[in-house]
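To keep things clear, I will list the structure first and then write my remarks on it.
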Amino acid sequence: MTITIYGIKSCSTMKKAFNKLGELGVSYDFHDYKKQGIDKETVQRWVNELGIDKVLNKRGTTWRKLTDEQKQAADADVNKAIDLLVENTSMIKRPIVVGKIADNSVLLCGFDEDEFEALAQK
């Protein structure tokens with residue numbers, strides 16, 4: 001079982017995810033966007049598999065602080081949206097869990113307790 005959880009350490013949703021994984025006995029590596037950044041290829045892969053609407057968090061303050069031009073560009077062109085996500089990692093919905101359990105690939109976005117519990121069942 002190899003799992004990496006991506007996010008920001010101080011985020012309350014991340015804390016829920018860390019606690020749940022610990023409770024389930026699932027070991028993981030943590031990738032902190034704020035300290036380590038994220039590359040465009042990784043974000044592109046997430047968007048390809050999950051969709052931009054799932055990966056881009058429009059509810060946060062970082063999105064709200066963008067100019068109208070930036071928001072319109074992101075809405076019109078997924079590549080521009082991906083560039084904004086790489087530049088403003090706080091706009092990536094958290095957590096993103098990536099890995100492999102047994103022979104099953106895992107890619108989760110956001111904290112859903114049922115999905116996390118299913119990880120431990122695989």
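The values are calculated or read from the model by the stated rules, or taken from the named source; none is laboratory data. These numbers were taken from a predicted model, which means no experiment stands behind them. All Cβ positions, glycine included, derive from the backbone under ideal geometry; neighbour counts span all protein chains shown. Heavy atoms of the whole protein, side chains included, go into the accessibility calculation; ligands, DNA and RNA do not. Shrake-Rupley method; radii C 1.70, N 1.55, O 1.52, S 1.80 Å.
Which percentage, to the nearest 5, of the DSSP beta bridges contained in the chain is antiparallel?
Roughly 75 percent of the DSSP beta bridges within the chain come out antiparallel.
Please list, or write none, the lysines whose alpha carbon is within less than 23 Å of the alpha carbon of K100, excluding same-chain residues fewer than 8 places away.
Cα-Cα hits under 23 Å: K9, K15, K16, K20, K40, K54, K122.
Roughly how many percent of the accessible protein surface of the chain is carbon and sulfur, given a 1.4 Å probe and a whole-percent answer?
Summing carbon and sulfur atoms, their accessible area is 42 percent of the total for the chain.
Where Rh is the Kirkwood radius over the Cα pairs of the range 1-66, the temperature 4 °C and the viscosity 1.567 mPa s, what D in µm²/s does Stokes-Einstein return?
96 µm²/s
Over the range 1-82, average the accessible area per residue using a 1.4 Å probe and give it in Å², no decimals.
62 Å²
Work out the FRET efficiency for K80 and N104 from their Cβ-Cβ distance, taking R0 = 25 Å, and round it to the nearest 0.05.
The formula returns an efficiency of 0.15 here.
Figure the gain on full extension for Q121 and K35 (residue separation times 0.36 nm, minus the Cα-Cα span) and round it to one decimal in nm.
Length gained, Q121 through K35: 27.8 nm.
Decide, for the range 66-122, between rounded, prolate and oblate: order the square roots of the alpha carbon gyration tensor eigenvalues as a ≥ b ≥ c, take rounded if a/c falls under 1.5, and otherwise choose prolate if a/b is larger than b/c, else oblate.
Because a/c hits 1.5 or more and a/b exceeds b/c, the range 66-122 counts as prolate.
Relative contact order of the chain: what whole-number percent is it, with Cα pairs under 8 angstrom and at least 6 residues apart?
36 percent
Per DSSP H run of n ≥ 4, the term is -39500 (n - 2.57); total these for the chain, divide by its residue number, and report the mean residue ellipticity at 222 nm rounded to 500 deg cm²/dmol.
-14500 deg cm²/dmol
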